[in-house]
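Below: one structure, written as structure tokens.
The values are calculated or read from the model by the stated rules, or taken from the named source; none is laboratory data. Note that the structure is a prediction, hence the values are computed from the model and not measured. Here the Cβ positions follow ideal geometry from the backbone for every residue, glycine too, while neighbour counts run over all protein chains shown.
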Amino acid sequence: MQTEHTAVRRDRLRTQLAGLEVDAALITRLVNVRYLTGFTGSNAALIVYADGTDVFCTDGRYRTQASAQVPDLERVIERNCARTLAERLHAEKVPRIGYESHTVTVDGLDELRTAAPNATLTSAQQAVEGQRAVKDEGEIDLLREACAIADRALADLIERDGIGAGRSELEVGRELDGLMLQRGAEERSFETIVASGPNSAVPHHRPTARTLERGDFVKLDFGARHGGHHSDMTRTFVLGQPGDWQREVYAVVLAAQRLGREALRVGADVRDVDAAARNHVKAAGYGDQFSHGLGHGVGLEIHEAPTVSYLGAGTLAERMTLTVEPGVYLEGRGGVRIEDTLVVRADGPELLTRTSKDLTVL
């Protein structure tokens, strides 16, 4: 089944290559090689030919793994896969080669030019990333389970009173990470954020030894990786009874997050989706305290296309999977972010992160 999915993806890329007027594309970005072949090792490259005779390369460490994960392609075993495949294209006199200009270094480009001196090198224009933005149902199943793992881990943490006064941010984060692994995660999606009290006003705070105290906002931003796919969720809690200012800020962010979710429609401009949430925050007087975009795509990477922001570009398509995460951050006091992972659907967004967003007092 995996080879069927990856073959379809390579065929879609072939159609894009025809539009770029190239005869073959050299794919060297590992996450894109994984998407197009299913290979999960740390060294690989791929030629996608216009005629369908694709070739995969990895080194000797992965000979057995490659035969299992990439059984449908010719396999070349060499250490420097990019150079080896470029030399092959030169030997075959392929005249026009697409390459991943957004990730190939200057030195890497020089190596390609040396290996294939007679070819015209053309940018592949992030064609694979563009294709990855729209998920197939198999990918969505993996993302759904990644989100469920994170939901279950957070529920476990709350049930065992793991978020409480006297614990440090580091202790809470490490316990949450362990619970995600126990619940079936391959790995955490990224470094778990636990931000308490004034630290919760730092959007991407790294956990410290600060001890949680009554009266704190406690912001948790975390995710689980399952089948190579990442979940992403943020919830903000209050330790002890919240003050009026905390209720106000939380209500503003909660309403903005709902408006952002409701704006996720097929064909919607990403800037309009961002505006749906941002305008509410501005109207409440906190526009300057919402300092980042509304969301981003998630999948094989924790941040991928599309970018949902006032600086973004493009429209949403069915089966795009992305986050909605407005926030308000009051320096020196505390902040709130509420984030879900969702799938764009023709009949309205599918919510993958299911933990309650009601103001929760711990």
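Scoring residue 288 on the criteria (1) closer than 21 Å to residue 202 by Cα; (2) surrounded by fewer than 16 Cβ atoms within 10 Å (Cβ to Cβ); (3) within 16 Å of the chain's Cα centre (by Cα) leaves a single failure, condition (3). For region 45-57, the count of residues that are in contact with a Phe, Trp or Tyr (Cβ under 7 Å, 6 or more places away or on another chain) and in a loop (DSSP other than H, G, I, E, B) is zero. Applying the criterion of being among the polar types (S, T, N, Q), surrounded by fewer than 20 Cβ atoms within 10 Å (Cβ to Cβ) and in a loop (DSSP other than H, G, I, E, B) to the residues of region 207-248, the residue that is nearest to the chain's Cα centre (by Cα) is 208. Based on this model, can you work out whether residue 267 counts as more than 20 Å from the chain's Cα centre (by Cα), under 27 Å from residue 205 (Cβ atoms) and surrounded by fewer than 15 Cβ atoms within 10 Å (Cβ to Cβ)? Criteria not met by residue 267. Of note, residue 324 does not satisfy the criterion of being more than 30 Å from residue 152 (Cβ to Cβ), hydrophobic (A, V, I, L, M, F, W, C) and crowded, with 22+ Cβ neighbours inside 10 Å.
The set of residues from region 170-203 being in contact with a helix residue (DSSP H, G or I) (Cβ under 6 Å, 6 or more places away or on another chain), aliphatic (A, V, I, L, M) and closer than 22 Å to residue 328 by Cβ comprises just one member, 194.
Within region 132-153, one or more residues are farther than 30 Å from residue 4 by Cβ, crowded, with 21+ Cβ neighbours inside 10 Å and at pLDDT 95 or above.
The residue that is nearest to residue 136 (Cα to Cα), among those in region 267-324 that are assigned to a strand (DSSP E or B) and of a type in the set (S, T, N, Q), is 321.
For region 1-12: of the residues being assigned to a helix (DSSP H, G or I) and surrounded by fewer than 18 Cβ atoms within 10 Å (Cβ to Cβ), which is modelled with the lowest pLDDT? My answer is 2. Scanning region 16-38 for residues that are touching a strand residue (DSSP E or B) at 6+ places or on another chain (Cβ under 7 Å) and either surrounded by fewer than 24 Cβ atoms within 10 Å (Cβ to Cβ) or not assigned by TED's automatic domain parsing to the domain that holds residue 95 (or both) yields 17, 20, 21, 23, 28, 30.
Residue-level analysis places residue 251 outside the set of residues that are touching a Pro at 6+ places or on another chain (Cβ under 6 Å), assigned to a helix (DSSP H, G or I), at pLDDT 95 or above and assigned by TED's automatic domain parsing to the domain that holds residue 337.
Residues of region 69-108 that are of a type in the set (Ser, Thr, Tyr) and either under 27 Å from residue 2 (Cβ atoms) or more than 30 Å from the chain's Cα centre (by Cα) (or both): 84, 99, 103.
Inclusion of residue 15 among residues that are more than 21 Å from residue 116 (Cβ to Cβ) and assigned to a loop (DSSP other than H, G, I, E, B) is not warranted. Residues in region 115-163 that are in a helix (DSSP H, G or I) and touching a residue at least 24 places away in the same chain (Cβ under 8 Å): 27 in all. Do the conditions hold for residue 94, that is, is it modelled with pLDDT of 95 or more and either more than 30 Å from residue 307 (Cα to Cα) or not in a loop (DSSP other than H, G, I, E, B) (or both)? So residue 94 does not fit the description; no.
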